[in-house]
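Engineer: Questions regarding the structure given below will be posed in turn.
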Amino acid sequence: MDITRLKPIGIIHTPYKDRKEIPCQGYKSDKVGEVEVFSEYEEGLRDIEGFSHIYLVYYFHEATGYESLTKTFLDDQKHGLFATRHYNRPNPIGISVVELIERKRNILKVRQVDMLDKTPLLDIKPYVPQFDQRTNVRIGWLKDKIK
């Protein structure tokens, strides 16, 4: 596989024009956005309407480099980059679970968006609780930070 062949399949439209406006996690927001899938990939959306939630895989197009140790909004201590969800990464790829409201041809209306407007979309995958939920989960340094 040639990794340089990675290319956007669409654009995510959200109300967030500035990074400072974006909620730290999408589930904390009821904001609605639209996922515009390029017409050449529209056929691949067949049957997506049957899912209440989907994963959006996208490119953090305004990321600016990275640091191996970074602070997050939840802690004053620095943590290893890969133990965080910070957008500045060696490969600035993001993933979010959003609620699928409806599909109209190549446009998906979604709720709980937490990405910048005009974010390049790399992939879509269905959220399947039986596959995606895990038991006996540890959350490392976040243990005392999240209620």
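A short reminder: the numbers here are calculations on the coordinates, not readings from a lab. Computed from a prediction, not measured in an experiment: that's the story for all the values here. Positions of Cβ are backbone-derived with ideal geometry, glycine not excepted, and every protein chain shown enters the neighbour counts.
Engineer: At a Förster distance of 25 Å, what's the computed FRET efficiency of Asp132 paired with Asp18, Cβ-Cβ distance as r, to 0.05? Walk me through the intermediate numbers first.
Structural biologist: Details: r = 31 Å, r/R0 = 1.23.
Given R0 = 25 Å and the Cβ-Cβ separation, E is 0.20.
Engineer: What ranking of Tyr55, Tyr16 emerges when the number of other C-beta atoms within 10 Å of each C-beta is taken as an exposure proxy, fewest first?
Structural biologist: Lowest to highest Cβ neighbour count: Tyr55, Tyr16.
Engineer: In what order do Phe60, Phe131, Phe38 fall by count of nearby beta-carbon atoms within 10 Å, going from fewest to most?
Structural biologist: Details: Phe60 19, Phe131 9, Phe38 13.
So the ranking, lowest neighbour count to highest, is Phe131, Phe38, Phe60.
Engineer: Two decimals, Cα atoms only, Kirkwood Rh: what is Rg/Rh over the range 22-100? List each step's numbers first, then the result.
Structural biologist: Values: Rg = 15.5 Å, Rh = 14.9 Å.
Reported Rg/Rh, Kirkwood definition of Rh: 1.04.
Engineer: Restricting to lysine pairs 8 or more places apart or on different chains, what number in the range 82-147 have Cα atoms under 27 Å apart? Show your work: numbers first, answer last.
Structural biologist: Working: Lys104/Lys118; Lys104/Lys125; Lys109/Lys118; Lys109/Lys125.
The number of close lysine pairs in the range 82-147 is 4.
Engineer: Could you list the GluC sites (Glu not before Pro) in the range 37-115 that lie in coil according to DSSP, counting only those with at most 13 other Cβ atoms within 10 Å of their Cβ?
Structural biologist: On the way: sites: Glu40, Glu42, Glu43, Glu49, Glu62, Glu67, Glu99, Glu102; in loops: Glu62, Glu67.
The qualifying sites are Glu62, Glu67.
Engineer: In addition: At Ser39 and Ala83, where each label point lies 7 Å from the Cα along Cα→Cβ, what is the point-to-point distance in nanometres?
Structural biologist: 5.0 nm
Engineer: In deg cm²/dmol and to the nearest 500, what is the mean residue ellipticity at 222 nm of the chain if only DSSP H runs of at least 4 residues count, each as -39500 (n - 2.57), divided by the residue total? The partial results should precede the final answer.
Structural biologist: Working: 1 runs with 4 residues, N = 147.
Dividing the helical sum by the residues of the chain leaves -500 deg cm²/dmol.
Engineer: Which one is right for this structure if P(r) over Cα pairs in 5 Å bins from 0, in percent is calculated from it: (i) 2, 9, 18, 22, 22, 17, 7, 2, 1, 0, 0; (ii) 2, 9, 16, 20, 20, 17, 11, 5, 1, 0; (iii) 2, 9, 15, 15, 12, 11, 10, 9, 7, 5, 3, 2, 1, 0, 0?
Structural biologist: (ii)
Engineer: Aspartates and glutamates near Lys7 by alpha-carbon distance under 17 Å, same-chain residues fewer than 8 away left out - which ones?
Structural biologist: Glu36, Glu40, Glu42, Glu62, Asp123
Engineer: In addition: Provide Leu56, Leu69, Leu100 in ascending order of the number of other Cβ atoms located within 10 Å of each residue's Cβ, fewest first. Spell out each step's value before the answer.
Structural biologist: Values: Leu56 25, Leu69 11, Leu100 20.
Ordered from fewest to most neighbouring Cβ atoms within 10 Å, Leu56, Leu69, Leu100 come out as Leu69, Leu100, Leu56.
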